[in-house]
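Take a look at the structure below.
Where a number appears in this text, it was derived from the coordinates with a stated rule and is not lab data. What you see is a predicted model; the values in this text were computed from it and never measured. Every residue, glycine as well, gets a Cβ built from its backbone with ideal geometry; the counts of neighbours run over all protein chains shown.
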Amino acid sequence: GQQVMQIPQYQHVQEGEDFTTYCNSSTTLSNIQWYKQRPGGHPVFLIQLVKSGEVKKQKRLTFQFGEAKKNSSLHITATQTTDVGTYFCAGDRGSTLGRLYFGRGTQLTVWP
Amino acid sequence: NAGVTQTPKFQVLKTGQSMTLQCAQDMNHNSMYWYRQDPGMGLRLIYYSASEGTTDKGEVPNGYNVSRLNKREFSLRLESAAPSQTSVYFCASSETGRGPGAFFGQGTRLTVV
């Protein structure tokens, strides 16, 4: 079954509005990673969160890792048309095999 | 740096035909992966390899085989293609257990008719 749940599946916002996508794991994670995939492109690594309660920022993007290391969120402030794409979270359980468990992604559409 | 290179970029197969998708990375990563991406389903892991000479099944391995030829190369083979295997296939690599995350190839868009 789905190991990492991500919601919402789709989000449509007007340029300038905020956007948040949420990720929940059924098990404790060693770390969580976030990826962005532009339409027609391939997933590109954005960031990795490792510590319980960690918060990281990249310009208008804020990433959080939950205290229990089972959930995470990505928040975009004042979206721009360049933010369009699908955002994926991927959980790492910390095994030596390096397997990632991807959420199904949130597809973000931004109206100008 | 080329990163992760996948070939071909596009392919059309007839049902029952076979083909091999090639993947090579030049980052000296230990781990390599094959995913398929279908609308609304996200990225589903087909097979992965934690090191040269080892492979493990992922979420959707049926109908596929893989070979970790050496540290650089990880190929995916469809022995008898079926329409259900129409998808976009991504190869990825990462340094096991360490950042900065996985690097993906450009993808192969496969259609089985």
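Please specify each residue of segment A:63-112 satisfying the condition of being assigned to a strand (DSSP E or B) and aliphatic (A, V, I, L, M). Spell out how you get there, then give the answer.
Within segment A:63-112, the subset assigned to a strand (DSSP E or B) is A:63-65, A:71-76, A:85-92, A:100-102, A:106-111.
A:L74, A:I76, A:A90, A:L100, A:L108, A:V110 - these are the residues of segment A:63-112 that are assigned to a strand (DSSP E or B) and aliphatic (A, V, I, L, M).
Per-residue answers, yes or no, for (1) touching a residue at least 60 places away in the same chain (Cβ under 8 Å); (2) within 14 Å of another protein chain (Cβ to nearest Cβ); (3) in a strand (DSSP E or B):
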| site | (1), (2), (3) |
| --- | --- |
| B:Q11 | yes, no, yes |
| B:T15 | yes, no, no |
| B:A24 | no, no, yes |
| B:M32 | yes, yes, yes |
| B:R36 | no, yes, yes |
| B:L43 | no, yes, yes |
| B:Y47 | no, yes, yes |
| B:G53 | no, yes, no |
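For segment A:93-112, a residue qualifies if it is under 15 Å from B:S49 (Cα atoms) and charged (D, E, K, R), and exactly one does: A:R99. Restricting segment B:57-113 to residues that are touching a residue at least 60 places away in the same chain (Cβ under 8 Å) and of a type in the set (S, T, Y) leaves a set whose member that is surrounded by the fewest Cβ atoms within 10 Å (Cβ to Cβ) is B:S80. Go through the residues of segment A:92-105 one by one and say whether even a single one is touching a Pro at 6+ places or on another chain (Cβ under 8 Å) and under 17 Å from B:L45 (Cβ atoms). No, segment A:92-105 has no match at all.
Taking only segment A:8-19 into account, find how many residues are surrounded by fewer than 14 Cβ atoms within 10 Å (Cβ to Cβ) and either within 13 Å of chain B (Cβ to nearest Cβ) or assigned to a strand (DSSP E or B) (or both). Selection size over segment A:8-19: 4. So, of the residues in segment A:61-88 that are free of Cβ contacts under 8 Å to residues at least 40 places away in the same chain and within 12 Å of A:T20 (Cβ to Cβ), which turns out to be surrounded by the fewest Cβ atoms within 10 Å (Cβ to Cβ)? Of everything passing the filter in segment A:61-88, A:T62 is surrounded by the fewest Cβ atoms within 10 Å (Cβ to Cβ). Applying the condition of being within 10 Å of chain A (Cβ to nearest Cβ) and charged (D, E, K, R) to segment B:64-113 and asking which residue is farthest from B:M27 (Cα to Cα) yields B:R109. Sort out which residues of segment A:26-39 are surrounded by fewer than 24 Cβ atoms within 10 Å (Cβ to Cβ) and in contact with a Gly (Cβ under 6 Å, 6 or more places away or on another chain), and write them in order of number. A:S30, A:K36, A:Q37, A:R38, listed by residue number. Here segment A:40-56 is the region considered, the condition is being free of Cβ contacts under 8 Å to residues at least 12 places away in the same chain and more than 21 Å from A:R99 (Cβ to Cβ), and the residue that is surrounded by the fewest Cβ atoms within 10 Å (Cβ to Cβ) is A:G40. Give me the residue from segment A:44-70 that is polar (S, T, N, Q) and touching a Leu at 6+ places or on another chain (Cβ under 9 Å) and, out of that set, farthest from A:G105 (Cα to Cα). Within segment A:44-70, the match that is farthest from A:G105 (Cα to Cα) is A:Q58.
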